[in-house]
Amino acid sequence: MSEKIKKRFIAGAVCPRCSQMDKLVMYQQEGKSFRECVSCDFKDEMRFTNGRQELQTRVNTPEEVKREQTQVLTLEPRDFSKK
């Protein structure tokens with residue numbers, strides 16, 4: 001039984017062989033990522049290398065760092081009965 005491969009177009013991508021825009025699709029097969037041109041049948045394996053560290057933002061900051069950076073102020077209640 002063959003599994004159906006879900007291919008997705010890569011918006012704005014230019015084919016390295018035929019130089020046509022918006023003709024590349026990306027799909028995964030056997031744990032590997034591939035790109036393929038629907039116009040000229042160009043095909044290659046996409047190899048992603050993560051050589052750079054992700055920029056620190058509020059979204060990907062660990063909770064313990066957020067707690068360290070959070071300032072908590074304790075205010076004493078005012079007694080308005082003394083005048």
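At the listed q of 0.14, 0.15 Å⁻¹, the Debye profile of the chain, built from one uniform point per Cα, gives log10 I(q)/I(0) equal to -0.74, -0.78. Springs between alpha-carbon atoms under 10 Å, Gaussian network over the chain: tell me which of Lys23, Lys43, Lys66 tops the mean-square fluctuations. Comparing Lys23, Lys43, Lys66 in a Gaussian network model of the chain, the most mobile one is Lys66.
Write down the accessible area per residue of the chain in Å², having rolled a 1.4 Å probe over the full set of protein chains. Kindly include the intermediate steps, with their values, before the conclusion.
Values: 8270 Å² over 83 residues.
Heavy-atom accessible area per residue stands at 100 Å².
Expressed as a whole percentage, what fraction of the accessible surface of the stretch 1-82 belongs to carbon and sulfur atoms when a 1.4 Å probe is rolled over the protein heavy atoms? If you can, show how the numbers build up before the last one.
Numbers: 3870 of 8050 Å².
The value for the stretch 1-82 is 48 percent carbon and sulfur by accessible area.
If you filter the chain for GluC sites (Glu not before Pro), then keep DSSP loop positions with at most 16 other Cβ within 10 Å, what is left? Each step should come with its number before you reach the end.
Numbers: sites: Glu3, Glu30, Glu36, Glu45, Glu54, Glu63, Glu64, Glu68; in loops: Glu3, Glu30, Glu54.
Answer in residue order: Glu3, Glu30, Glu54.
Its Cα gyration tensor gives the stretch 1-45 an equivalent ellipsoid, and the semi-axes of that ellipsoid, as √(5λ) in whole Å with the largest first, are 20, 10, 9.
The values are calculated or read from the model by the stated rules, or taken from the named source; none is laboratory data. Remember, it's a predicted structure, so these values are computed and weren't measured experimentally. Neighbour counts are summed over all protein chains in view; Cβ atoms, including those assigned to glycine, are modelled from backbone coordinates with ideal geometry. To get the accessible areas, we keep the full protein, side chains included, count just its heavy atoms, and leave off ligands, DNA and RNA. Shrake-Rupley method; radii C 1.70, N 1.55, O 1.52, S 1.80 Å.
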